[in-house]
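Read through the structure below, which is laid out as structure tokens, and then see the notes.
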Amino acid sequence: MSPSPLNKHQLMGADLLTYLNMALRENKLSCNCKVLYGQDWIINETNIVRPDISIVCGNIDPNSHIQTTPSLIVEISSKSTQLKDRNTKFNLYEFCGVKYYLMAEPDNNSIEIFELIDNKYKQIFAPYTFTINETCVIDFDVKRVFES
């Protein structure tokens, strides 16, 4: 069994999870989306991934894994996962139609943000507004994510 991620990874994940949860709660009346942490996404019989954080919309079966394409995925990089996050997962998430892909770097509290535009990821820059679905929008402020 391999060890769990380091504390800096876990702390960044907690900050991002809290921020995204609070943002969705602000949209609660119009947004049928949930933030999931470390949940398997079963893409097909041969492809299963476990993003650090996912936002999934629609009806979610509490007794299952993610079955539909998430609207947003966050991967928190570490030395052991960086190549996979930047290549394999980047290409897989792009191919599967994940609208927003965030690659977070705990060593310097930075986040690269990609939006799927014309079936290709394009890096986007501040200000960030994620249109999760027709009725759910998140204004994302990287500085607020890491406030102490």
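Read-outs: derived from the displayed coordinates by stated rules, not from any lab. It should be emphasised that the depicted structure is a prediction, and the values quoted were computed from it without experimental measurement. With ideal geometry, Cβ positions are generated from the backbone for all residues, glycine too; neighbour counts draw on all protein chains shown.
Please give the length that would be gained between ASN109 and THR18 if that part of the chain were fully extended, namely 0.36 nm times their separation in residues minus their C-alpha to C-alpha distance (nm, one decimal). Walk me through the intermediate numbers first.
Working: separation 91, 0.36 × 91 = 32.76 nm, distance 1.54 nm.
Gain on extension, ASN109 to THR18, equals 31.2 nm.
How many nm separate the modelled label positions at THR135 and ASN59, each set 7 Å beyond the Cα in the direction of the Cβ?
My value for the distance between the label points is 1.6 nm.
Just the isolated ones, please: cysteines in the chain lacking another cysteine beta carbon under 4.7 angstrom.
CYS96
Any lysines with Cα under 25 Å of the LYS143 Cα? List them, leaving off those in the same chain fewer than 8 positions away.
LYS8, LYS28, LYS34, LYS79, LYS99, LYS122
Is any residue of the stretch 106-137 close enough, with backbone N under 16 Å, to a label point placed 7 angstrom from the Cα of ARG144 along the Cα-Cβ axis, and if so, which?
Within reach of a label on ARG144, which here means backbone N under 16 Å from a point 7 Å along Cα→Cβ, the stretch 106-137 contributes 126-132, 136-137.
Between PHE125 and GLU94, take the C-beta separation as r, use R0 = 22 Å, and let me know the FRET efficiency to the nearest 0.05. Can you show the working numbers first?
Values: r = 19 Å, r/R0 = 0.85.
For PHE125 and GLU94, the calculated efficiency is 0.75.
Please name which of ASN109, SER78, SER54 has its Cα lying farthest along the dipole of the chain towards the positive end, using unit charges on Cβ (Lys, Arg +1; Asp, Glu -1) and the Cα centre as origin.
Projecting each Cα onto the dipole axis, the largest value belongs to SER78.
Enumerate by residue number the chymotrypsin sites (Phe, Trp or Tyr not before Pro) in the stretch 86-148 meeting two conditions: DSSP loop (anything except H, G, I, E, B), and at most 13 other Cβ atoms within 10 Å of the site's Cβ.
Details: sites: PHE90, TYR93, PHE95, TYR100, TYR101, PHE114, TYR121, PHE125, TYR128, PHE130, PHE140, PHE146; in loops: PHE125, PHE146.
Hits after loop and neighbour filter: PHE125.
With r as the distance between the Cβ atoms of ASP40 and SER78 and R0 = 25 Å, compute the FRET efficiency 1/(1 + (r/R0)^6) and round to 0.05. The partial results should precede the final answer.
Numbers: r = 19 Å, r/R0 = 0.75.
Taking R0 as 25 Å, the efficiency between SER78 and ASP40 is 0.85.
Could you pull out the GluC sites (Glu not before Pro) across the stretch 98-148 that fall in loop regions by DSSP (anything but H, G, I, E, B) with no more than 12 other Cβ atoms inside 10 Å?
When the GluC sites (Glu not before Pro) of the stretch 98-148 are filtered for loop state and at most 12 Cβ neighbours within 10 Å, GLU134, GLU147 remain.
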